[in-house]
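What follows is one structure encoded as structure tokens, with my remarks underneath.
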Amino acid sequence: MPSPTDRPTDRDVIVREVGPRDGLQLVKETLPTDTKLNWIKAEAEAGMVEFEVCSFVPPHIITQFADARAVAGRAVEEIPGIRVMALSPNIKGAEIAFEVGVHAMNYVLSVSKTHNEANVRRSREQSILDFAEIVKIRNADPKLKDIKIGVGLATALGCTLEGDVPEKDALGVLEEVLAAGADEVLLPDTVGYAHPTQVRSLFRKALDIAGDVPIITHFHDTRGLGLANVYASLEAGAKHFDASLAGLGGCPFAPGATGNIVMEDLVFLLESEGLKTGIDIEKLRAAREIVEASLPDEPKHGRILKAGLPKGFKPATNLIAAE
Ligand code: COA
Ligand code: ZN
């Protein structure tokens with residue numbers, strides 16, 4: 001069986017559930033560790049193979065992640081076959097990720113200098129140097145060699161503090177993190193400012209620069225253009241897409257940012273386009289029910305599971321073979 005650090009090869013595109021991290025980071029009510037794990041398990045049963053399960057941040061900054069070590073450690077131990085990722089915003093967070101033994105970590109820095117200072121309390125240049133240091137720590141220890149190190153370039157498509165973020169700035173930082181050894185790079189629309197023409201242009205150039213290094217999309221639906229932006233990134237050649245179940249999500253330092261794009265609707269779009277995601281949309285319902293029952297006061301988004309699949313809908317993923 002391939003290691004969870006390898007991506008399955010029988011899918012045309014990879015969707016990644018970031019709800020247990022991005023979806024929960026603004027939610028005041030703390031979800032019990034078991035509930036988080038039950039959610040992840042239920043979604044794994046629908047075919048999901050990649051999860052960002054928590055952030056390694058100080059508990060006084062985001063109390064929701066006070067149980068991060070337990071969530072990540074138990075997800076690795078108890079849910080076979082999935083890639084367990086955690087967000088680490090600094091060297092200390094990366095060291096915790098290495099200690100816990102996650103399959104992948106996502107570092108974060110912002111293209112917008114003001115957002116970087118607000119989010120991680122250091123200059124963008126320092127954040128890039130720290131990222132290079134994290135890659136060095138991983139490379140120096142043979143026990144850590146299989147851990148993938150990704151980096152999200154927050155505000156790559158716009159910033160609530162600075163407004164427009166020039167494309168050349170995002171591409172410049174991309175080149176720096178590739179040179180530092182990133183295994184994959186996210187170009188998130190952290191605050192939901194992006195529009196399709198902008199996305200198509202940035203992803204075409206970024207995919208070209210990155211070569212074999214995956215460039216991952218991460219859209220928020222704050223202004224209703226989330227799935228339109230997915231489509232534009234598909235046209236540019238993107239193959240990796242973040243989303244969260246029921247569209248939970250937001251950034252504490254991006255005022256007004258609302259949910260990630262809705263996982264269920266993203267899978268429907270991709271399958272409708274003939275792209276195998278490996279996910280059974282109907283089976284996502286069980287995971288959604290866990291989120292609905294445990295977070296009754298949070299807004300839940302999404303159309304496809306409310307409306308139901310179109311009569312006679314044939315997903316690209318062969319669900320019978322997947323049984
Ligand atoms: N996990 C746990 N504890 C950590 C930590 C981490 N990743 N990083 C730092 N700490 C601890 C330090 O050990 C120190 O503890 P002490 O006071 O007992 O000595 C304390 O926190 C302060 O450390 P410092 O390095 O000064 O951190 P900071 O206060 O400058 O905060 C970040 C830096 C990166 C930890 C903080 O800004 C942060 O968590 N940002 C992430 C925000 C986020 O998640 N945004 C959403 C994602 S886009
Ligand atoms: Zn996000």
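Read-outs: derived from the displayed coordinates by stated rules, not from any lab. None of these values were measured; they are calculated from a predicted model. Neighbour counts are summed over all protein chains in view; Cβ atoms, including those assigned to glycine, are modelled from backbone coordinates with ideal geometry.
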Subject >> Spatial extent of segment 1-108: Rg and Dmax, with the Cα atoms as the point set, Å >> reply: 13.1, 42
Subject >> Rounded to whole Hz, the Karplus (6.51, -1.76, 1.60) HN-Hα couplings of segment 50-59, x for glycine and proline >> reply: 10, 9, 8, 9, 5, 10, 8, 10, x, x
Original post:
Over the chain, what relative contact order in percent results from Cα pairs under 8 Å that are six or more residues apart?
Top reply: 19
**OP:** Determine the gain in length on full extension of the stretch Thr5-Ala179; use 0.36 nm per residue of separation and subtract their C-alpha separation, reporting nm with one decimal.
**Re:** 60.5 nm
**OP:** Could you tally the net charge around Gln64, taking each other residue with its Cβ under 14 Å from the Cβ of Gln64, Lys/Arg +1 and Asp/Glu -1?
**Re:** -1
Original post:
What list do you get for Cys159, Cys54 if you sort them by fewest beta carbons within 10 Å?
Top reply: Cys159, Cys54
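One-quarter of the Cα convex hull surface for segment 154-216, in nm²? Don't skip to the end; give the middle numbers.
On the way: hull surface 15.6 nm².
That works out to 3.9 nm².
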Original post:
Scattering from the C-alpha atoms of the chain alone, worked out with Debye: what is log10 I(q)/I(0) at q = 0.06, 0.13 1/Å?
Top reply: -0.17, -0.90
Original post:
Per the helix-only calculation at 222 nm, which mean residue ellipticity applies to the chain, given -39500 (n - 2.57) for every DSSP H run of n ≥ 4 and division by its residues, nearest 500 deg cm²/dmol?
Top reply: -12000 deg cm²/dmol
Original post:
Which lysines, on any chain, are close to Lys311 with Cα under 28 Å apart, when same-chain ones fewer than 8 places away are left out?
Top reply: Lys239, Lys276, Lys283, Lys300
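Translational diffusion coefficient of segment 75-209 at 10 °C, 1.306 mPa s, Stokes-Einstein with Kirkwood Rh over Cα pairs, in µm²/s as a whole number.
Numbers: Rh = 15.4 Å.
Estimated via Stokes-Einstein, D reaches 103 µm²/s.
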